[in-house]
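*Asks:* One structure follows; several queries about it will come next.
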Amino acid sequence: MSRTTFFEVEILDAKTKQQLCFLDKVEPHATIGDIKGLFHRLYPHWYPARQALKLDPRGKSLRDDEVLQSLPVGTTAIMYFRDLGPQLGWTMVFLVEYLGPLLTYLLFYFRVPYIYSHSHAFTASPHPVVTLACACHTFHYLKRLVETIFVHRFSHGTMPLRTIVWNCAYYWGFSAWLAYYINHPLYTPPSYGDLQINYALAVFVMCELGNFSIHLTLNSLKNGSRNRKFPVPTKNPFTWLYFFVSCPNYTYEVGTWVGFSIMTQCVPVALYTLLGFVQMSIWARGKHKAYGREFKDYPSLRMAIIPLIL
């Protein structure tokens, strides 16, 4: 009968190199998540989500699912701890990020006092496109909130509180900037009138439907299956974009804001769309490369976010 070889784990502070704890007789099949749980018992204020454990003080954080015996360490492992700070669950993160723009935009639409001149307080714009833009913006963020509560499935992942503050500043700040100009008393409608507005509205609606369809597809992919699979087109025509890109949810999201930009003919909206496209392209390329590494049979025709281009 073989004898189990236990590990010893010494956890040091990544900055000071001082010993924080010494774990004796750790099972070789223990995961980093298990070690974080043991560490949490000794330091209750450092719950697992706040912990980052590394094999090198300046190295990459170890994943929770990594097994101790598979790491490049001996039977005595030295790990370095870094406090990630207060954390917030992803559901709460998205609720906070999306509720802000929804309410902020409405303040400008209803022209509450001290935003524009006193004579325009609680007045309505004479241009129908302003009301339409408010309806589209409100629908977009209501959809995001509904998806966060009922569609998206989150693991136990969290986000640092300081990052949430920056994200909220981005979403809330841009929402206020867009709303200020679109609802401004001097705002002028698009150059080509109803033709431009109607075509842009069609793009907006189609992309919103496409984005929602992709989120439903991703939800069903995670539901009840232990074997990881990459998303593929379904009978829903909106998912056929999977023939060409790895992240059609981002493609549709960019399309939504392109439609909104054309509809309002507002420079701040166009700038927001451009910045969003840049960020989503980075996310999409990262996801595309991850799919390629994980699945040997991943379709070679697919690009990251724009068919045949990017």
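*Asks:* Would you confirm whether or not the stretch 207-214 contains a residue that is in contact with a Cys (Cβ under 7 Å, 6 or more places away or on another chain), open to solvent by less than 80 Å² (accessible area, probe 1.4 Å) and not acidic (D, E)?
*Replies:* From the stretch 207-214, those in contact with a Cys (Cβ under 7 Å, 6 or more places away or on another chain) are none; that's our starting set.
No.
*Asks:* Looking only at the stretch 81-94, filter to residues that are open to solvent by 60 Å² or more (accessible area, probe 1.4 Å) and either in contact with a Cys (Cβ under 8 Å, 6 or more places away or on another chain) or not hydrophobic (A, V, I, L, M, F, W, C) (or both); which one of those is modelled with the highest pLDDT?
*Replies:* Here is the first cut: in the stretch 81-94, the ones open to solvent by 60 Å² or more (accessible area, probe 1.4 Å) are 82, 86, 90, 92.
If we keep only those that are either in contact with a Cys (Cβ under 8 Å, 6 or more places away or on another chain) or not hydrophobic (A, V, I, L, M, F, W, C) (or both) too, we end up with 82, 86.
Details: R82: 93, P86: 85.
Residue satisfying both the conditions and the ranking: R82.
*Asks:* For residues that are of a type outside the set (K, R) and in contact (Cβ under 8 Å) with a residue 40 or more places away in the chain, scanning just the stretch 107-122, find the one that is most open to solvent (accessible area, probe 1.4 Å). Give the derivation first.
*Replies:* First, the residues of the stretch 107-122 that are of a type outside the set (K, R): 107-110, 112-122.
Subsequent filtering for residues that are in contact (Cβ under 8 Å) with a residue 40 or more places away in the chain retains 107-109, 115-117, 120.
Details: L107: 88, F108: 29, Y109: 51, I115: 48, Y116: 28, S117: 59, H120: 63 Å².
The qualifying residue most open to solvent (accessible area, probe 1.4 Å) is L107.
*Asks:* Which count do you get for residues in the stretch 182-206 that are over 21 Å from G100 (Cβ atoms), open to solvent by less than 50 Å² (accessible area, probe 1.4 Å) and not in a helix (DSSP H, G or I)?
*Replies:* Total satisfying the criteria: 3.
*Asks:* Okay, moving on. Do we have any residue at all in the stretch 61-80 that's assigned to a strand (DSSP E or B), open to solvent by 50 Å² or more (accessible area, probe 1.4 Å) and farther than 30 Å from I149 by Cα? Show your work before the answer.
*Replies:* Residues of the stretch 61-80 that are assigned to a strand (DSSP E or B), as a first pass: 67, 76-80.
With the extra rule that they be open to solvent by 50 Å² or more (accessible area, probe 1.4 Å), the set shrinks to 76, 78.
If we keep only those that are farther than 30 Å from I149 by Cα too, we end up with 76, 78.
Scanning the stretch 61-80, I find at least one residue that is assigned to a strand (DSSP E or B), open to solvent by 50 Å² or more (accessible area, probe 1.4 Å) and farther than 30 Å from I149 by Cα, so the answer is yes.
*Asks:* I'm trying to understand the selection: among the residues of the stretch 25-39, which are outside any loop (DSSP other than H, G, I, E, B), at pLDDT 90 or above and open to solvent by 20 Å² or more (accessible area, probe 1.4 Å)? Talk me through it step by step, then tell me what you get.
*Replies:* So the first thing to find is which residues in the stretch 25-39 are outside any loop (DSSP other than H, G, I, E, B), and the list is 25-26, 31-39.
When the remaining residues are screened for being at pLDDT 90 or above, the result is 26, 31-39.
Answer for the stretch 25-39, where residues must be outside any loop (DSSP other than H, G, I, E, B), at pLDDT 90 or above and open to solvent by 20 Å² or more (accessible area, probe 1.4 Å): T31, G33, D34, G37, L38.
*Asks:* So, in the stretch 144-181, of the ones that are touching a residue at least 60 places away in the same chain (Cβ under 8 Å), of a type in the set (D, E, K, R) and outside any loop (DSSP other than H, G, I, E, B), which residue ends up most open to solvent (accessible area, probe 1.4 Å)?
*Replies:* Filtering the stretch 144-181 for residues that are touching a residue at least 60 places away in the same chain (Cβ under 8 Å), of a type in the set (D, E, K, R) and outside any loop (DSSP other than H, G, I, E, B), the one most open to solvent (accessible area, probe 1.4 Å) comes out as R162.
*Asks:* Does Y298 satisfy the criteria of being part of a loop (DSSP other than H, G, I, E, B), of a type in the set (S, T, Y) and surrounded by 13 or more Cβ atoms within 10 Å (Cβ to Cβ)?
*Replies:* On the way: part of a loop (DSSP other than H, G, I, E, B): yes; of a type in the set (S, T, Y): yes; surrounded by 13 or more Cβ atoms within 10 Å (Cβ to Cβ): yes.
Considered against the rule, which asks whether it is part of a loop (DSSP other than H, G, I, E, B), of a type in the set (S, T, Y) and surrounded by 13 or more Cβ atoms within 10 Å (Cβ to Cβ), Y298 comes out as yes.
*Asks:* Kindly indicate whether any position in the stretch 9-23 is open to solvent by 60 Å² or more (accessible area, probe 1.4 Å), modelled with pLDDT under 90 and of a type in the set (V, I, T). Full working, then the answer.
*Replies:* Start the filter on the stretch 9-23 by keeping residues that are open to solvent by 60 Å² or more (accessible area, probe 1.4 Å), which leaves 15-19, 22.
Next cut, modelled with pLDDT under 90 only: none.
Among the residues of the stretch 9-23, not one is open to solvent by 60 Å² or more (accessible area, probe 1.4 Å), modelled with pLDDT under 90 and of a type in the set (V, I, T), which makes the answer no.
*Asks:* Has the stretch 267-285 got at least one residue that is under 23 Å from the mean Cα position of the chain (by Cα), assigned to a helix (DSSP H, G or I) and of a type in the set (K, R)? Break it down stepwise before answering.
*Replies:* Of the stretch 267-285, the ones under 23 Å from the mean Cα position of the chain (by Cα) are 268-285.
So of that shortlist, the ones also assigned to a helix (DSSP H, G or I) come out as 268-285.
Still in the list and also of a type in the set (K, R): 285.
For the stretch 267-285, residues under 23 Å from the mean Cα position of the chain (by Cα), assigned to a helix (DSSP H, G or I) and of a type in the set (K, R): present.
*Asks:* Follow-up question, since we're still on this one. Being part of a helix (DSSP H, G or I) and modelled with pLDDT of 95 or more, is that true of even one residue in the stretch 220-227?
*Replies:* Initially, the stretch 220-227 is screened for residues part of a helix (DSSP H, G or I), giving 220-222.
Of the ones still in play, those that are also modelled with pLDDT of 95 or more are none.
Within the stretch 220-227 (the criterion being part of a helix (DSSP H, G or I) and modelled with pLDDT of 95 or more), the answer is no, since none of the residues qualifies.
*Asks:* Looking at the stretch 90-107, can you tell me whether even one residue there is more than 25 Å from the chain's Cα centre (by Cα) and either over 30 Å from Q18 (Cα atoms) or of a type in the set (S, T, N, Q) (or both)?
*Replies:* yes
*Asks:* Still on this structure: Count, please, the residues in the stretch 242-254 that happen to be surrounded by fewer than 20 Cβ atoms within 10 Å (Cβ to Cβ) and either part of a helix (DSSP H, G or I) or without any contact (Cβ under 8 Å) to a residue 12 or more places away in the chain (or both). Lay out the reasoning, then the answer.
*Replies:* Looking only at the stretch 242-254, we keep the residues that are surrounded by fewer than 20 Cβ atoms within 10 Å (Cβ to Cβ), and these are 242-244.
Narrowing the set further to residues that are either part of a helix (DSSP H, G or I) or without any contact (Cβ under 8 Å) to a residue 12 or more places away in the chain (or both) leaves 242-243.
Summing the residues that are surrounded by fewer than 20 Cβ atoms within 10 Å (Cβ to Cβ) and either part of a helix (DSSP H, G or I) or without any contact (Cβ under 8 Å) to a residue 12 or more places away in the chain (or both) in the stretch 242-254 gives 2.
*Asks:* Something else about it: Out of the residues in the stretch 118-143 meeting the condition of being assigned to a helix (DSSP H, G or I) and at pLDDT below 95, tell me which one is nearest to G255 (Cα to Cα). It would help to see each step written out before you state the result.
*Replies:* We begin by selecting, within the stretch 118-143, every residue assigned to a helix (DSSP H, G or I); these are 118-120, 128-143.
Add one more test, that the residue is at pLDDT below 95, and what stays is 118-120.
Working: H118: 37, S119: 37, H120: 33 Å.
Across the stretch 118-143, the extreme among qualifying residues is H120.
The values are calculated or read from the model by the stated rules, or taken from the named source; none is laboratory data. Note that this is a predicted model, so its numbers are computed, not measured. Neighbour counts are summed over all protein chains in view; Cβ atoms, including those assigned to glycine, are modelled from backbone coordinates with ideal geometry. For accessibility, only protein heavy atoms count, side chains too; no ligands or nucleic acids. Shrake-Rupley method; radii C 1.70, N 1.55, O 1.52, S 1.80 Å.
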